[in-house]
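Visitor: Pasting a structure below so you can have a look.
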Amino acid sequence: MEKNIEEILEVLKAKAVVLSEMLKERLAGYSDINNASGDHVLKIDMKADLLFGEALKTLKCVKGYVSEEQPNFVDVNKDASLIVTFDPLDGSSLVDSNLSIGSIFGIYEGGLKGENLVTALYFIYGPRLELVVAKKEAKHYVYVDKEWKFIQDFKMESKGKLNSPGGTQKYWDKKHKELIDSFFARGYRLRYSGGMVADLHQILCKKGGIFSYPATSDAKSGKLRILFEVFPFAFIYEKAGGEASDGKKRLLDIEVPSLHASTPCFFGSKVEMKEVSDVYR
Ligand code: AHM
Ligand code: MG
């Protein structure tokens, strides 16, 4: 299985280099398509989806894949055992303003359940192209001189200083607002770009803090999608020594009701995550 995962990683790394070059043109135009979550799809979202999807289709070890930009599961080889889920371009509403965006992947052995996740990774397209890939550890790489160079294993401290609160504040419930306010009252600093890859990557790089995207009165299951965004980051945070929950339960233990389902989610270092669970349980 290890060899097959490496094969998938090599293909995704090559395509991320291609995508990062494509992003250097200002491809901020919209297509006339809405995806399964109702988002208006950018042309570059479709290109990214095609780039990764077509590459996965060439691999014998891939049973199939699900993309945020495709309504259904895509079959590849029925006798293979690995399934890939991906958000080909997360944070694409930031393309026009030239903020960092990313691509997020989960690799499953068996069905699409948290316990079957064997590898999770993301690419971040910022001033530099970087990769974080978690199997046993969460490993951080940078692409320089046509090579992926290892930087570090992420190891979060028990407590951080950053607060990254998602969702529209007027739709937060009272206990959530009090929780977020209490972090600020104790000196936590606001860090929120609107792209979860960059926001969660920053917390990992600074070794701690809290990112939240709660249930709100206008989105009862939150916004972020379990398979494309939440499970991969939950896996990466746990491997980096952090935690990830929906407030009540460990995220990797939640059910997946449908391919495009979303969930409230919290990611962070242990001290902040304990406060989340005290407020939400
Ligand atoms: P996308 O997949 O359409 O780009 O949406 C996901 C993004 C995340 O990167 C980010 O955390 C969230 O949406 C931001 O949402 P909001 O604009 O409500 O703060
Ligand atoms: Mg997304």
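The values are calculated or read from the model by the stated rules, or taken from the named source; none is laboratory data. In this text, all values refer to a predicted model and were calculated from it rather than measured experimentally. Every residue, glycine as well, gets a Cβ built from its backbone with ideal geometry; the counts of neighbours run over all protein chains shown. Areas reflect the complete protein model, heavy atoms only, side chains present, ligands, DNA and RNA absent. Shrake-Rupley method; radii C 1.70, N 1.55, O 1.52, S 1.80 Å.
Visitor: Expressed as a whole percentage, what fraction of the accessible surface of region 167-264 belongs to carbon and sulfur atoms when a 1.4 Å probe is rolled over the protein heavy atoms?
Guide: Values: 2060 of 4200 Å².
Carbon and sulfur: 49 percent of the exposed surface of region 167-264.
Visitor: Running a GNM on the chain with Cα contacts under 10 Å, which residue among 175, 43, 161 ends up with the highest mean-square fluctuation?
Guide: Most flexible of the set in this elastic network: 175.
Visitor: Please compute the per residue accessible area over region 64-192 with all protein chains in place, 1.4 Å probe, rounded to a whole number of Å². Write down the numbers at each step before the final one.
Guide: Details: 6310 Å² over 129 residues.
Counting only protein heavy atoms, the per-residue value for region 64-192 is 49 Å².
Visitor: Relative to 2.2 N^0.38 Å, what does the C-alpha radius of gyration of region 2-153 come to as a ratio? Two decimals please. Intermediate results must be reported in sequence, preceding the final value.
Guide: Details: Rg = 15.1 Å, N = 152, 2.2 N^0.38 = 14.8 Å.
Normalised Cα radius of gyration, region 2-153: 1.02.
Visitor: Hey, another quick one. Mean shadow of region 162-280, computed from the convex hull of its alpha carbons, in nm²?
Guide: 6.6 nm²
Visitor: Only helical DSSP H runs with n ≥ 4 go in: add -39500 (n - 2.57) per run for the chain, normalise by residue count and round the 222 nm mean residue ellipticity to 500 deg cm²/dmol. It would help to have the intermediate numbers written out before the result.
Guide: Working: 6 runs with 78 residues, N = 281.
About -9000 deg cm²/dmol.
Visitor: Rounded, prolate or oblate, given the Cα gyration tensor of the chain, with a/c below 1.5 counting as rounded? Numbers along the way, then the final one.
Guide: Working: a/c = 1.42, a/b = 1.40, b/c = 1.01.
Rounded, since a/c falls under 1.5.
Visitor: Starting with the highest mean, order 269-276, 150-157 by the number of other Cβ atoms within 10 Å, averaged over the residues of each peptide. The partial results should precede the final answer.
Guide: Details: 269-276: 19.1, 150-157: 15.2.
Highest to lowest by the protection proxy: 269-276, 150-157.
Visitor: Going by amide H atoms built from the backbone, whose H comes under 5 Å of the H on residue 152, apart from near neighbours?
Guide: Hits under the 5 Å cutoff: 140.
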